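Structure first, commentary second.
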Amino acid sequence: MTISGLRPASDYVAPREMDTLRARAQDLGNARDWAGLLALRQPEIFEGELEAAFAADPRWPQIVDRMTLNVPAAPLVLTQWPVLTPSAPLNLMDLPGRAEELRALLPAPVASAWQTAQHTLDWVTHRWKHANAHMEIDDAVECLHRVDEGQRFACVEYSLVLTQALNALGLPARRLWLYQDHYQVGMGRGHVVSEAWIDDLNRWVVLDGQNGLYWTGEDGTPLGAVALQQAVRSGASWPAYVTFRDDFDEASAQLWFSYFAHVGTWASGPFGLIFQRDRMVVSTRLEDGPDVFYPDLSQLGVASALADGGRPALRLSTAHPYATGFAVDGAELDGDLLVLDATVGDHEHEVAVRTGYGILAGHPLCYRAEA
């Protein structure tokens, strides 16, 4: 079977004779003139009127069954397809208009997304020695120029440079504000880190620019903020970690771990608005849980479409901000339109998002073509 020359249902325009017939059928149905309606011999436009007229007849179920047997199967049916889970805005911290300028100041990306993230973390954490000073603007290029002039900054600026650097290198990243328990009093209760989507790990990972640090699970997999917050609240001892700083004080690991008690974007209970007595906690959109902020950026969506010549197709889409295209069964797709094979039978594919670091995790796409 070959399905070709199709056109969108929305493009259908009924001929004048059909419009007249439908209007006449509507008038007869409204008047309950069943004899006149049946005389039109157009059952597909009855729109429930047959049921209203004959449903009380004990033979009606058998009649419906016999009519149903005459309905042909749909010639082309999707049976499984990928979807994009709704999520909150990613709130990426990039540097619009200056990304190229920033890339010129950074070490070049390496083979994989995770290797690039580690390499960039190592570079940022050794760029200057920590000091409790801050910039008045969020601009990594300006920060690096000031560092060259001898200025030194704190965790806010380490996360600024790391986050904007990762975005410039094609890794979705954002800044994350962390708070210890009882952050409404005292001093030094807050800390700022970065978190990035790592294509080849298929997950969000926390990267601490000040300490050249990331945390890992028992299997060595880098952890994200959700897992770290859950660990803090469970009372668990601090997890394993990796640091690129030679002067990192291992005894302070528990201190840095404690900052994951609260994240300034979501809360599973009351959310305190005052930080260290006299400051307002300023956040992005607040949620009552973290899930909506952690989309799987390997996901993709599909929409039905027509290719050239009216061939059936699916148009692929993704929420990954640095996607470069798509792949089908491991092969690069030219554009975002996947033309469907109308050969009779079941068809199965694995579709995936592509970025500059390779092909992400695949998702099943299945459909059936009938004779």
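The values are calculated or read from the model by the stated rules, or taken from the named source; none is laboratory data. Because the structure is predicted, anything quoted here is derived from the model rather than measured. Cβ coordinates were reconstructed from backbone atoms using ideal geometry, including for glycine residues, and neighbour counts include every protein chain displayed. Quick note on the areas: whole protein, heavy atoms, side chains included, nothing else; ligands and nucleic acids left out. Shrake-Rupley method; radii C 1.70, N 1.55, O 1.52, S 1.80 Å.
Could you provide, to the nearest whole Å², the per residue accessible area of region 216-333 with probe 1.4 Å?
Numbers: 6220 Å² over 118 residues.
Per residue, region 216-333 has 53 Å² of solvent-accessible surface.
Relative to the longest principal Cα axis of the chain, at what angle does helix 60-69 sit, 0 to 90 degrees, rounded to 10?
Roughly 70 degrees between the two axes.
Just to check I understand the Karplus step: with θ = phi - 60° and J = 6.51 cos²θ - 1.76 cosθ + 1.60, what whole-Hz values come out for region 287-297, glycine and proline as x?
Going residue by residue, I get 10, 8, x, x, 4, 5, 8, 10, x, 7, 6 Hz, with x marking Gly and Pro.
What span do the alpha-carbon atoms of region 171-303 cover on each of the three principal axes, reported in whole Å from largest to smallest?
Each principal axis gives a Cα extent; for region 171-303 these are 51, 38, 25 Å.
With +1 on each Lys and Arg Cβ and -1 on each Asp and Glu Cβ, and nothing else charged, work out how big the dipole of region 225-371 is about its Cα centre, in Debye to the nearest 20.
Working: 9 positive and 19 negative charges, 128 e Å.
Magnitude of the dipole: close to 620 debye.
Per DSSP helix of 4 or more residues, -39500 (n - 2.57); summed, then divided by the residues of the chain. What does that give at 222 nm, rounded to the nearest 500?
-7500 deg cm²/dmol
Going by amide H atoms built from the backbone, whose H comes under 5 Å of the H on Phe244, apart from near neighbours?
It is Leu213, by chain and number.
Once a ≥ b ≥ c are taken as the square roots of the eigenvalues of the Cα gyration tensor of region 227-308, is the result rounded (a/c under 1.5), prolate (a/b larger than b/c) or oblate (a/b not larger than b/c)? The partial results should precede the final answer.
Values: a/c = 2.64, a/b = 1.57, b/c = 1.68.
Judged from the Cα gyration tensor, region 227-308 comes out oblate (a/c at least 1.5, b/c at or above a/b).
How large, in percent, is the carbon and sulfur part of the accessible surface of the chain at a probe radius of 1.4 Å? Could the numbers behind the result be given before it?
Working: 10290 of 19850 Å².
Ligands and nucleic acids excluded, carbon and sulfur give 52 percent.
Hey, what's the per residue convex hull volume over the C-alpha atoms of region 54-113, in cubic angstrom? Don't jump to the answer; show the numbers that get you there.
Numbers: hull volume 15.6 nm³, N = 60.
Taking only Cα atoms, region 54-113 has a hull volume of 260 Å³ per residue.
Can you give the FRET efficiency to the nearest 0.05 for Leu105 and Asp308, using r as the Cβ-Cβ distance and R₀ = 41 Å?
Numbers: r = 45 Å, r/R0 = 1.10.
The calculated FRET efficiency here is 0.35.
From the Cα gyration tensor of region 274-371, with a ≥ b ≥ c the square roots of its eigenvalues, which class applies: rounded if a/c is under 1.5, or else prolate if a/b is larger than b/c, or else oblate? Don't skip to the answer; put the middle values down first.
Working: a/c = 3.23, a/b = 2.78, b/c = 1.16.
Since a/c reaches 1.5 and a/b is larger than b/c, the shape of region 274-371 is classed as prolate.
Sorted by average packing, counted as other Cβ atoms within 10 angstrom per residue and highest first, what order do 240-251, 196-207 take? Could the numbers behind the result be given before it?
Values: 240-251: 12.7, 196-207: 23.3.
With the highest mean Cβ count within 10 Å placed first, the list reads 196-207, 240-251.
For the chain, take the longest principal axis of its alpha carbons; what is the angle in degrees between that and the long axis of helix 225-234, to the nearest 10 within 0 to 90?
Once rounded, one gets 70 degrees.
Quick one, which of [x] 153; [y] 126; [z] 248 is the actual volume of the Cα convex hull per residue in Å³ calculated for this model?
[z]
Relative to the longest principal axis of the C-alpha atoms of the chain, give the angle of the C-alpha long axis of helix 155-168, reported between 0 and 90° and rounded to the nearest 10°.
40 degrees
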